[in-house]
Amino acid sequence: MPRWKRGPFTELQNLSELTDETTEEDLLERMDAVNACLATHHCNCNGHIRNRQRDPYFGGDLSELISRCIPHTIDGPPDPVTGENTSVTAHVRIETLTVEVDENDEVCCWIYEES
């Protein structure tokens, strides 16, 4: 099945950074901005072509994606010298968001860079 990439999207460039202090309202606004961007570029949810959409606003996916835009600590690779576990701070760089869509313009894959 062929797939096409869309993005990165100009609408998502130069957005303010999210932090632990970001309000829930601001997170919801960011999710809405990404959803509007996807709609503008005709990126549809799974089941759109059959009129049986599972999540027409990408609510679950966008909630996870936007929450991961806030810097958070993740496990890193073991230290090569000591072998001890390490941790790093990372966040999704939403300005790099690209999606793969199928022949029905349904999103199959989210692609982005992390810091």
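Listed values, structure above:
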{"read-out": "Test set (1) of a type in the set (Val, Ile, Thr); (2) more than 29 Å from Pro2 (Cβ to Cβ); (3) in contact (Cβ under 8 Å) with a residue 12 or more places away in the chain - Val101 fails condition number", "value": "(2)"}
{"read-out": "Selected residue (criterion: nearest to the chain's Cα centre (by Cα)) from residues of the range 59-80 that are β-branched (Val, Ile, Thr) and surrounded by 11 or more Cβ atoms within 10 Å (Cβ to Cβ)", "value": "Ile66"}
{"read-out": "Search result, residues across the range 1-34 that are in contact with a Pro (Cβ under 9 Å, 6 or more places away or on another chain) and more than 17 Å from Thr96 (Cβ to Cβ)", "value": "Thr19, Asp20"}
{"read-out": "Residue check, Cys45 within 14 Å of Tyr112 (Cα to Cα) and touching a helix residue (DSSP H, G or I) at 6+ places or on another chain (Cβ under 9 Å)", "value": "no"}
{"read-out": "Qualifying residue in the range 51-73 (condition: under 23 Å from Leu18 (Cβ atoms), hydroxyl-bearing (Ser, Thr, Tyr) and assigned to a loop (DSSP other than H, G, I, E, B))", "value": "yes"}
{"read-out": "Subset of the range 1-42 (residues that are of a type in the set (Val, Ile, Thr), touching a residue at least 12 places away in the same chain (Cβ under 8 Å) and surrounded by fewer than 10 Cβ atoms within 10 Å (Cβ to Cβ))", "value": "none"}
{"read-out": "Hey, Gly83 surrounded by fewer than 16 Cβ atoms within 10 Å (Cβ to Cβ), outside any loop (DSSP other than H, G, I, E, B) and at pLDDT below 95 or not", "value": "no"}
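The values are calculated or read from the model by the stated rules, or taken from the named source; none is laboratory data. Computed from a prediction, not measured in an experiment: that's the story for all the values here. Counting neighbours? That spans all protein chains shown, and the Cβs are built from the backbone with ideal geometry, glycine included.
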